[in-house]
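Student: Below is one structure. I have some questions about it.
The values are calculated or read from the model by the stated rules, or taken from the named source; none is laboratory data. If you're wondering where the values come from, they're calculated on a predicted model, not measured in any experiment. In this analysis, Cβ positions are derived from the backbone assuming ideal geometry, glycine residues included, and neighbour counts consider all displayed protein chains.
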Amino acid sequence: MKKYVSILFLLIFTFSISIPSLATKYTSSTLTTCSAQIYHAVGVDMYGSNIYDSSEKISNVPVYIRQDGGNIELELTADNYDYRISATATGKSLSENLIYFNITELNQTDVEVMSMHYIKSFSHGAVASKEYANLHPEYKNVLAVYLKIPNSSTREYYFIEIFDFEMDNFNFLVSEMPTDETNSWVMEEFQAYDRSISEQEISTYNSFGLSKIYEIKDRYYQFGENLVAAIKIEKTDDFEDVPRGGTAQYLTTIRIVGKYIYSQEAPEFITNNNNLSIGDARLDIKAPTNCGFLWTQIDGQVHKPAASGALSAYIGVTCGPLSASVDIGKIITGFGTIKINETFKGYINDAAGGKITRAISVDFNKGHWIENVGDYYQVLSCVRDYGNVRTSKNHMDLRWTVQLINGSNLTESINGTMYDFYETCVM
């Protein structure tokens, strides 16, 4: 940031002439003078795990604040740089003791505001200045302004916290505001240091139905504390017994059934939502023994860019005689793909010629994703028994592959983790 000193001194000088400071613009009756505690962190890693190790602490910095309803203006000087910020309250947390602000004016062009929020009766796990908060138990509330220097050669931040400020009409503002459950500066700025998946529930709702719920958790550091963002996915399989010489249908669905953010040390950030989503969905299915696929139909409740088309998928096929062994991991090896322009695709099978559609791969449009609770991908397929041989048990193998996407952090999402949900159903 020091390489900008000469330019910024010119900007500050210009602003001091054309824009009066709050201290001279408003009378003392409308202005509150407070003290800010600041951590200036340089060289922070991608996980935010070393904020304190890389920080210089700046104590008791004078800050001038003017508030008018849900609008706040503040002014302070840190490391010889003047900051003037105007903001408007826009949303509240699920706990209703936190208000988020939208920045309407910022005098410094080389600075971004990652988050500005006010917490009434804060948890010590929610603030950077834990030592100060412990030494001053008389302060119950905090106004936090977290700044990022985007053009710095390393990760550089100013974590500004004001404890001796009290927001007027807090309870009234909270009662009038919508709940903002996807606001998380930690998820936006840092990468998860740990990612895990667990199988939460298995239920068989009839002899030919199976439902499993998987929970994927991302774990983040927030000032040394743990913050967990999670998404729950239900995979449902409905299938029929394949009659000798007949047909049967197989329906498989993956659906979002829950999302949340949790922090034991900072419960004010707990929500029932987050910006995690699922994309790059692909389904591989191998037909039961002596069977081949007749047709496939896709459905879904998905999100897409404005310029993207209707729900579609590419279909890869493996054809061969009934006696051929099929590896579900190599379904489209040596074969082309077929795009479903609508939602239906039929297959041409030649039993006499030994060309039966033994396995398929359904690759959904990569420009689509599922994000909200209730969103889903779905594939319905029909198989036919060509062997005309009675079997006591017949297995159909399938595997969903999806990518977990953090919609708040595109850098992290580029290398998002892929997950497989594998199942063998007896038909």
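Student: Tell me whether the stretch 194-201 contains one or more residues that are part of a loop (DSSP other than H, G, I, E, B), of a type outside the set (K, R) and touching a residue at least 60 places away in the same chain (Cβ under 8 Å).
Tutor: Checked against the condition, which is being part of a loop (DSSP other than H, G, I, E, B), of a type outside the set (K, R) and touching a residue at least 60 places away in the same chain (Cβ under 8 Å), the stretch 194-201 yields no hits at all.
Student: Same structure again: Residues of the stretch 367-384 being modelled with pLDDT of 90 or more and not hydrophobic (A, V, I, L, M, F, W, C), which ones?
Tutor: E371, N372, G374, D375, Y376, Y377, Q378, S381, R384
Student: So K57 ticks every box in (1) within 16 Å of F159 (Cβ to Cβ); (2) under 31 Å from the mean Cα position of the chain (by Cα) but one. Which box is left unticked?
Tutor: (2)
Student: Look at G316 and say whether it is in a loop (DSSP other than H, G, I, E, B) and modelled with pLDDT under 85.
Tutor: Considered against the rule, which asks whether it is in a loop (DSSP other than H, G, I, E, B) and modelled with pLDDT under 85, G316 comes out as no.
Student: Go through the stretch 108-133 and give me each residue that's modelled with pLDDT of 95 or more, of a type outside the set (V, I, T) and in a loop (DSSP other than H, G, I, E, B).
Tutor: K120, S121, F122, S123, A128, S129, listed by residue number.
Student: What tally of residues in the stretch 142-157 results from selecting those that are under 19 Å from S263 (Cα atoms) and either of a type in the set (G, A, S) or surrounded by fewer than 19 Cβ atoms within 10 Å (Cβ to Cβ) (or both)?
Tutor: 1
Student: Given the criteria outside any strand (DSSP E or B) and under 30 Å from D68 (Cβ atoms), does L173 qualify?
Tutor: yes
Student: Here is a further query. Looking at S211, is it modelled with pLDDT of 90 or more, surrounded by fewer than 18 Cβ atoms within 10 Å (Cβ to Cβ), touching an Asp or Glu at 6+ places or on another chain (Cβ under 7 Å) and closer than 30 Å to K235 by Cβ?
Tutor: no
Student: Are any of the residues in the stretch 354-364 assigned to a loop (DSSP other than H, G, I, E, B) and touching a strand residue (DSSP E or B) at 6+ places or on another chain (Cβ under 6 Å)?
Tutor: There is no residue in the stretch 354-364 that is assigned to a loop (DSSP other than H, G, I, E, B) and touching a strand residue (DSSP E or B) at 6+ places or on another chain (Cβ under 6 Å).
Student: Given the residues T401, T417, T391, T357, which is the only one that is at pLDDT 85 or above, out of contact with any Gly (no Cβ under 8 Å at 6 or more places or on another chain) and of a type in the set (S, T, N, Q)?
Tutor: T401
Student: While we're looking at this one, here's another question. Among the residues of the stretch 231-256 satisfying the criterion of being hydrophobic (A, V, I, L, M, F, W, C) and in contact with a Gly (Cβ under 8 Å, 6 or more places away or on another chain), which is farthest from N372 (Cα to Cα)?
Tutor: Residue satisfying both the conditions and the ranking: F239.
Student: Given the criterion part of a strand (DSSP E or B), of a type in the set (D, E, K, R) and without any contact (Cβ under 8 Å) to a residue 24 or more places away in the chain, identify the matching residue among K212, K217, K235.
Tutor: Within the list K212, K217, K235, the selection yields K217.
Student: So, one more: Given the options E105, E112, E161, name the one that is crowded, with 18+ Cβ neighbours inside 10 Å and either more than 21 Å from N226 (Cα to Cα) or assigned by TED's automatic domain parsing to the domain that holds I58 (or both).
Tutor: The conditions single out E161.
Residue-wise test of (1) on the phi > 0 side of the Ramachandran plot; (2) among the small types (G, A, S); (3) in contact with a helix residue (DSSP H, G or I) (Cβ under 7 Å, 6 or more places away or on another chain).
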{"site": "V44", "(1), (2), (3)": "no, no, no"}
{"site": "N50", "(1), (2), (3)": "no, no, no"}
{"site": "Q67", "(1), (2), (3)": "no, no, no"}
{"site": "A89", "(1), (2), (3)": "no, yes, yes"}
{"site": "N97", "(1), (2), (3)": "no, no, yes"}
{"site": "Y100", "(1), (2), (3)": "no, no, no"}
{"site": "S115", "(1), (2), (3)": "no, yes, yes"}
{"site": "I119", "(1), (2), (3)": "no, no, yes"}
